[in-house]
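Presented below is the structure to which this report refers.
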Amino acid sequence: EDQVTQSPEALRLQEGESSSLNCSYTVSGLRGLFWYRQDPGKGPEFLFTLYSAGEEKEKERLKATLTKKESFLHITAPKPEDSATYLCAVQENTPLVFGKGTRLSVIA
Amino acid sequence: DTEVTQTPKHLVMGMTNKKSLKCEQHMGHRAMYWYKQKAKKPPELMFVYSYEKLSINESVPSRFSPECPNSSLLNLHLHALQPEDSALYLCASSQDPRNEQFFGPGTRLTVL
């Protein structure tokens, strides 16, 4: 069983159409949950760290939230430049455990 | 300086070659990592150095040999690779192993 599951695998949105990406995890002693953005052929870009249930972080059109079992990455009024793969990773001890990612396409 | 740099950006090598990948950070981070990433897959951890000591080796074949000359530099020495080793090799660093990791742009490796 995967410790980190991201859904959906792929998401296609019209520009301005808000949506959410999900990251569910099964680790019992979460030390941190991390969101990254990755463009094709490039290294992941760090977005957010969440440590405890109820915590929220925001950056431009992105907002990350955390519960005891899952995290959501909310994208408000996305633009074509938000198209990328979004990776979630959790840390129980070390090292990070990555989910398989959500490939987001935003169409103008 | 808030970035991780990697050289070269691209590398093509034969199965008998010896080459090295280099990674550098000047953020004062004390943990550094090598990952391998295949297309449409998440990064896969290879090695972790914590305070310049190898702390995790995820059962990586001996044809990959890491080296950490100092707290800012990380090398990955390659020898007798196989075509299936072709991938994007990512370096990352963090303040310590419990903190968020910052990734470099990667080296695209092709083994012929």
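Only one of the numbered conditions (1) farther than 21 Å from A:Phe98 by Cα; (2) assigned to a loop (DSSP other than H, G, I, E, B); (3) free of Cβ contacts under 8 Å to residues at least 40 places away in the same chain is violated by B:Cys68, and that is (2). Cβ-Cβ below 9 Å, separation at least six or inter-chain, first residue in region B:91-112 and free of Cβ contacts under 8 Å to residues at least 60 places away in the same chain, second in a loop (DSSP other than H, G, I, E, B) and open to solvent by 50 Å² or more (accessible area, probe 1.4 Å): which pairs? What qualifies is B:Arg98/A:Arg31; B:Arg98/A:Thr94. Just one of the numbered conditions (1) open to solvent by less than 20 Å² (accessible area, probe 1.4 Å); (2) part of a helix (DSSP H, G or I) is not true of B:Glu84: (1).
Filtering region B:6-26 to residues that are open to solvent by less than 60 Å² (accessible area, probe 1.4 Å) and over 18 Å from B:Val111 (Cβ atoms) leaves B:Cys23, B:Gln25.
Looking at region A:13-30, can you tell me whether even one residue there is without any contact (Cβ under 8 Å) to a residue 40 or more places away in the chain and either buried (at least 18 other Cβ atoms within 10 Å of the Cβ) or basic (Lys, Arg) (or both)? No, the conditions are met nowhere in region A:13-30.
Tally the residues that are surrounded by fewer than 15 Cβ atoms within 10 Å (Cβ to Cβ), more than 13 Å from chain A (Cβ to nearest Cβ) and either of a type outside the set (Ser, Thr, Tyr) or under 12 Å from B:Met32 (Cα atoms) (or both), restricting the search to region B:55-72. Result for region B:55-72: 5.
Taken over region B:82-112, the criterion of being more than 7 Å from every other protein chain (Cβ to nearest Cβ) and in contact with an Asp or Glu (Cβ under 8 Å, 6 or more places away or on another chain) is satisfied by B:Ser94, B:Leu109, B:Val111. Scanning region A:83-92 for residues that are under 24 Å from B:Ala31 (Cα atoms) and within 9 Å of chain B (Cβ to nearest Cβ) gives A:Leu87, A:Ala89, A:Gln91.
The values are calculated or read from the model by the stated rules, or taken from the named source; none is laboratory data. Since the model is a prediction, treat every value here as computed from it, not as a measurement. Here Cβ is always computed from backbone atoms with ideal geometry, including for glycine, and neighbour counts include all displayed protein chains. Just the protein is used for accessible areas: all its heavy atoms, side chains included, with ligands, DNA and RNA removed. Shrake-Rupley method; radii C 1.70, N 1.55, O 1.52, S 1.80 Å.
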